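The values are calculated or read from the model by the stated rules, or taken from the named source; none is laboratory data. Since the model is a prediction, treat every value here as computed from it, not as a measurement. A quick note on method: Cβ atoms are made from the backbone with ideal geometry, for glycine too, and the neighbour counts reach across all protein chains shown.
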Amino acid sequence: MIAVRDIAYVRYQVPDIAVQARFLEDFGLRVHRQSSTALSMATCSGGYPAYLASEGPAMALGVGFVVDRLADLQRIAEQHGTTVRFNDELGAGSVVSLRDPDGFQIDLLFRGNVIEPVPVRPALTLNSAGNRRRVGRSNRVNAKASQVMRLGHVVLKTVNFAAMLAFYQDVLGFRISDSYHGETPDQTVAAFLHCGLGAHYTDHHTVALLGLGDTQPAFDHSAFEVLDWDDLAYGNHYLAERGHRHSWGIGRHVHGSQVFDYWRDPFGNKVEHWTDGDLVNDQTPVSHSPLTPTALAQWAPPLAPDFLS
């Protein structure tokens with residue numbers, strides 16, 4: 001077993017590269033590389049590309065994760081009968097590619113973070129009733145595309161929940177942060193997984209698994225962290241003004257606490273803007289709760305009928 005440090009990118013297939021690139025720019029990503037058949041999108045923070053796409057019928061293809069040591073790649077390669085290779089796709093670093101039990105391509109990356117960051121405005125200082133820190137100055141923001149800082153997590157609809165949970169825990173070192181069950185506690189149907197980094201704090205979930213009876217593996221959504229609350233809100237207005245399809249939000253989740261806003265890309269894929277998420281470590285208490293209509297949000301507009309489709 002290794003310990004994945006973070007998520008690097010999600011990988012999709014889309015019918016029209018140019019159409020997808022325009023949407024993702026409105027969403028707050030920036031083009032790193034683009035051809036008629038392939039697309040690589042970057043965040044404001046740079047590093048690895050956060051979104052990769054190839055041309056073809058719309059579907060999710062896989063996920064890239066970052067490891068801290070080349071020895072981790074070598075050990076995984078030996079255990080799974082494959083090899084560590086130079087990462088030709090990024091032009092730097094090393095990679096090992098596996099398949100998870102649902103067939104998604106899992107790339108494990110060492111180095112290769114090749115994209116330079118771009119400047120962003122400072123995060124806003126907010127004055128709450130009991131903690132007034134901004135004195136003698138005003139907050140002003142310009143309505144434009146959100147400034148996506150990083151990819152935060154991916155949620156996978158699985159056809160084999162038990163096998164997928166075992167793979168992400170036993171092979172990639174993820175740990176459960178919180179989980180949901182069906183009618184009885186032994187019927188686990190969803191799990192939020194954080195990178196298993198011991199006492200080091202990390203995102204509440206980098207991967208989440210949903211075992212809700214789907215017949216085909218798919219991404220439920222991929223989620224991108226934006227600069228702050230205002231960045232999320234004016235990104236909402238920017239996307240709406242350009243006629244993109246809203247899915248759900250703005251609201252605040254229960255597990256993970258993120259303020260969220262969901263959209264659909266031109267081919268129906270769900271993507272999320274989020275900010276203000278929880279940080280956990282391996283000592284943080286784990287909950288196991290019933291999956292109810294109120295389980296997804298502390299506050300939000302009514303859930304769209306097609307949100308889980």
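Residue by residue, here is whether (1) out of contact with any Asp or Glu (no Cβ under 6 Å at 6 or more places or on another chain); (2) surrounded by 14 or more Cβ atoms within 10 Å (Cβ to Cβ) holds:
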position: H246; (1), (2): yes, yes
position: F267; (1), (2): yes, yes
position: K270; (1), (2): yes, yes
position: D278; (1), (2): yes, yes
position: Q283; (1), (2): yes, no
position: S287; (1), (2): no, no
position: P301; (1), (2): yes, no
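Does A42 satisfy being over 28 Å from L165 (Cα atoms) and in contact (Cβ under 8 Å) with a residue 40 or more places away in the chain? Answer is yes for this residue.
Among the conditions (1) farther than 24 Å from F65 by Cα; (2) modelled with pLDDT of 95 or more, the only one that G182 does not satisfy is (2). Residues of region 80-99 that are farther than 24 Å from F167 by Cα and surrounded by 12 or more Cβ atoms within 10 Å (Cβ to Cβ): F86, E89, L90, A92, G93. Within region 5-19, is there a residue that is in contact with a helix residue (DSSP H, G or I) (Cβ under 7 Å, 6 or more places away or on another chain), closer than 30 Å to P119 by Cβ and of a type in the set (A, V, I, L, M)? There is at least one residue in region 5-19 that is in contact with a helix residue (DSSP H, G or I) (Cβ under 7 Å, 6 or more places away or on another chain), closer than 30 Å to P119 by Cβ and of a type in the set (A, V, I, L, M). Within region 100-119, the residues that satisfy the criterion of being more than 11 Å from G46 (Cα to Cα) and either among the polar types (S, T, N, Q) or surrounded by 15 or more Cβ atoms within 10 Å (Cβ to Cβ) (or both) are D100, P101, D102, F104, Q105, I106, D107, L108, L109, F110, R111, G112. Is there a residue being of a type in the set (S, T, Y) and farther than 23 Å from R5 by Cα anywhere in region 91-107? No, every residue in region 91-107 fails to be of a type in the set (S, T, Y) and farther than 23 Å from R5 by Cα. There is at least one residue in region 94-113 that is without any contact (Cβ under 8 Å) to a residue 60 or more places away in the chain, among the basic types (K, R) and assigned to a loop (DSSP other than H, G, I, E, B). Per the listing D282, D306, D230, D265, the residue uniquely under 18 Å from the mean Cα position of the chain (by Cα) and of a type outside the set (K, R) is D265.
When D186, D170 are checked against the criterion of being surrounded by fewer than 24 Cβ atoms within 10 Å (Cβ to Cβ), acidic (D, E) and either in contact (Cβ under 8 Å) with a residue 40 or more places away in the chain or within 28 Å of L232 (Cα to Cα) (or both), D170 stands alone in meeting it.
Selection within region 55-87: residues that are in a loop (DSSP other than H, G, I, E, B) and touching a Leu at 6+ places or on another chain (Cβ under 6 Å). The member of this set that is farthest from A8 (Cα to Cα) is H80. The selection criterion, being surrounded by 14 or more Cβ atoms within 10 Å (Cβ to Cβ) and outside any loop (DSSP other than H, G, I, E, B), does not hold for A18. For region 41-57, a residue qualifies if it is closer than 17 Å to V154 by Cα and out of contact with any helix residue (DSSP H, G or I) (no Cβ under 9 Å at 6 or more places or on another chain), and the qualifying residues are A42, T43, Y48, P49, A50, L52. Among the residues of region 147-155, not a single one is without any contact (Cβ under 8 Å) to a residue 12 or more places away in the chain, closer than 26 Å to S45 by Cα and in a loop (DSSP other than H, G, I, E, B).
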